[in-house]
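Everything below concerns the one structure shown next.
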Amino acid sequence: MTTDAAPDRRATRDRRPVAHRFHRRFTAVVLVLVVVAALAAVVGSQQGPRLRSVAYDATDLVTRPAQRVILTANQAVQRVAPEDVQVRPAAPHTVTSSGNTVAIEFTGPLAYDRDYTVTVRDVRAPGQPATADLSTTIRTGSTDVLAIVHDEGGDRIERRSLDAGGTRTVYRGKGIVEFARLARSLVVLSDVDGGSAIDVVPLAGGVQDDATPVEHIQMPSARGTAKALHAADDGSSFGFVYADTSSGRSEDVGLYVVDLTGTHLPEPVGPDGEAQAGATPLSVSQWAYVPRTESALVRTGTDDLLLVDMGGRNDVVRLGSATYLHGFVGSGTTAVVETGTGIVRLDLTDGRRTALTAPAASTAAPYLGRIAPLTDDTYLRLVGDVRTDGTLAARIVRVDGDRASRLPVTVPEDASVTAVCPSPNGQFVAVAERSADSVLVSVVDARSGALEASLAGEAIDWCGALPSGDEVG
């Protein structure tokens, strides 16, 4: 018995040092961690918070309002006041903070291809005396313009980037008439054998993706004509005005919508604003999607003004009447419309109308064209004088509040201006010109008129934000 018990006592004695060593090491590790944490707390209290990461979307910052730059610190911070945040170059913004993040939300789109320095001053962690500045430099995205080119080589859609020279072919086809951008594709409207066809062209790297087939949209009838193509900013739907000509005459003329989250089939939008098969399509004189929404502003054939939810989730909103739709202010909540008594800014959220300031220099011409809004108080307008031969000597006027001045853009005497279309952030404007033997798109600075780029094409994508319809005169 004694012999059998001896090994157990030796095993117990052998295990004791191992357990003691483990406890000593564990205790040492805990002590080290406590010391490190204490030192970190001391250092943090002496140095203040540090910037850990920055998050933003360079493209959205130049195309959409209410975009944010989010600064994340290495520890929680006390509430940051708006006056503690500085943005250079200056840009209107609001500030919110929570936990270890500070969010700077910009009121409107920023300028293209520009460095902005964001500094949050005197940031303090709760309960700590030390303060520190969180500072970062962000760079916004650039932009490009797309246009249709018709020449001996066929029809194609060309891309001209403003931060690089030359053009790039995005898509080639036959009879291209109109197009609209979606999120990752183009909707292309073409004339085919006396009728219209619509294709959804997938893109990869900014050009047609040959690895993915083109989607051919089934048209509402065997033969018909489409025009006034527009797409929602989020790419969820697009619409057009269609006339069924399969009987030899135009029938069921009006607005149709294609829901790309559903059947991908064109549905007529009825007078009640609901899209459904068999409905009598809403008659349209002008229409366009309201920027950054799935709603459309429609001027009917009887000059009624309607706000239509193309997704069918909300009832149609009646906004009185209008004789012309000029365009939208960049925020998307305001439209510039013409009535029988003048031109007004229409608040699409409550229907309130306020007179648009029109200095004498912006109306002192026989020809008064479309207004291209840039901000709530700034817009461009094409005006002109009639020459003795009946042609129009056109010029572009810029209105800033109650001041009007000519935008120094030279239009050749043998050319006419067919469109003036602002970029999504209002920094540039595309001026489309047509002469007897050529077409040209010039991209100029909306403030100085300086030429940024040019492209031998027509039907610019920036014009897709403007309501389709005949030019005013």
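The values are calculated or read from the model by the stated rules, or taken from the named source; none is laboratory data. This structure is a prediction, so every number in the text was calculated from the model and none was measured. Don't worry about glycine lacking a Cβ; one is built from the backbone with ideal geometry, like all the others, and counts go over all protein chains shown. Calculation scope for accessible area: heavy atoms of the full protein, side chains included, ligands and nucleic acids excluded. Shrake-Rupley method; radii C 1.70, N 1.55, O 1.52, S 1.80 Å.
Give the residue that is farthest from Gly469 (Cα to Cα), with candidates limited to residues of the stretch 291-313 that are surrounded by 22 or more Cβ atoms within 10 Å (Cβ to Cβ) and β-branched (Val, Ile, Thr).
Val308
Please list, ordered by first then second residue, the pairs with beta carbon atoms under 9 Å, 6 or more apart or interchain, first in the stretch 188-210 and closer than 9 Å to Gly175 by Cα, second β-branched (Val, Ile, Thr) and open to solvent by less than 50 Å² (accessible area, probe 1.4 Å).
Short answer, once both residue conditions are applied: Leu189/Ile176; Leu189/Ile198; Ser190/Ile176; Ser190/Ile198; Asp191/Ile176.
Scan Ala58, Ala90 and give me the residue that is under 24 Å from Trp462 (Cβ atoms) and small (Gly, Ala, Ser).
Of the residues listed, the single one that is under 24 Å from Trp462 (Cβ atoms) and small (Gly, Ala, Ser) is Ala58.
Among what's in the stretch 388-437 and is of a type in the set (Val, Ile, Thr) and not in a strand (DSSP E or B), pick the residue that is least open to solvent (accessible area, probe 1.4 Å).
Val409
Answer yes or no: is there a residue in the stretch 237-245 that is open to solvent by less than 60 Å² (accessible area, probe 1.4 Å), part of a loop (DSSP other than H, G, I, E, B) and out of contact with any Asp or Glu (no Cβ under 9 Å at 6 or more places or on another chain).
Checked the stretch 237-245: no residue is open to solvent by less than 60 Å² (accessible area, probe 1.4 Å), part of a loop (DSSP other than H, G, I, E, B) and out of contact with any Asp or Glu (no Cβ under 9 Å at 6 or more places or on another chain).
Is it the case, given these coordinates, that Arg318 is basic (Lys, Arg), in contact (Cβ under 8 Å) with a residue 12 or more places away in the chain, assigned to a strand (DSSP E or B) and under 24 Å from Gln427 (Cα atoms)?
It is false that Arg318 is basic (Lys, Arg), in contact (Cβ under 8 Å) with a residue 12 or more places away in the chain, assigned to a strand (DSSP E or B) and under 24 Å from Gln427 (Cα atoms).
Here is a check on your reading of the model: is Asp233 closer than 24 Å to Val337 by Cα, surrounded by fewer than 23 Cβ atoms within 10 Å (Cβ to Cβ) and either out of contact with any helix residue (DSSP H, G or I) (no Cβ under 6 Å at 6 or more places or on another chain) or modelled with pLDDT of 95 or more (or both)?
Yes; evaluated as a whole, the condition is true for this residue.
Name the single residue, out of those in the stretch 438-460 being among the acidic types (Asp, Glu) and modelled with pLDDT under 95, that is most open to solvent (accessible area, probe 1.4 Å).
Once the filter is applied, the top-ranked residue is Glu452.
Mind checking which residues of the stretch 179-201 are more than 19 Å from the chain's Cα centre (by Cα), open to solvent by less than 50 Å² (accessible area, probe 1.4 Å) and either at pLDDT below 95 or not hydrophobic (A, V, I, L, M, F, W, C) (or both)?
Across the stretch 179-201, the qualifying residues are Ser190, Gly195, Ser196, Asp199.
All but one of (1) at pLDDT 95 or above; (2) surrounded by 15 or more Cβ atoms within 10 Å (Cβ to Cβ); (3) of a type outside the set (Ser, Thr, Tyr) hold for Pro213; state the number of the condition that does not hold.
Of everything listed in (1) at pLDDT 95 or above; (2) surrounded by 15 or more Cβ atoms within 10 Å (Cβ to Cβ); (3) of a type outside the set (Ser, Thr, Tyr), Pro213 misses just condition (2).
Considering each of Pro202, Pro220 in turn, give the residue that is of a type outside the set (A, V, I, L, M) and either in contact with a Leu (Cβ under 8 Å, 6 or more places away or on another chain) or outside any strand (DSSP E or B) (or both).
Pro220
Within the stretch 69-91, work out how many residues are open to solvent by 40 Å² or more (accessible area, probe 1.4 Å) and in contact with a His (Cβ under 9 Å, 6 or more places away or on another chain).
Residues meeting the conditions: 1.
Regarding the stretch 372-383, can at least one residue be identified that is aromatic (Phe, Trp, Tyr) and open to solvent by less than 20 Å² (accessible area, probe 1.4 Å)?
Yes, that holds for at least one residue.
Select, from Gly340, Gly332, the only residue that is part of a loop (DSSP other than H, G, I, E, B), surrounded by fewer than 20 Cβ atoms within 10 Å (Cβ to Cβ), out of contact with any Lys or Arg (no Cβ under 9 Å at 6 or more places or on another chain) and not aromatic (Phe, Trp, Tyr).
The unique qualifying residue is Gly340.
Can you report the number of residues in the stretch 92-142 which are outside any strand (DSSP E or B), within 22 Å of Thr375 (Cβ to Cβ) and open to solvent by less than 20 Å² (accessible area, probe 1.4 Å)?
Looking only at that region, the number is 5.
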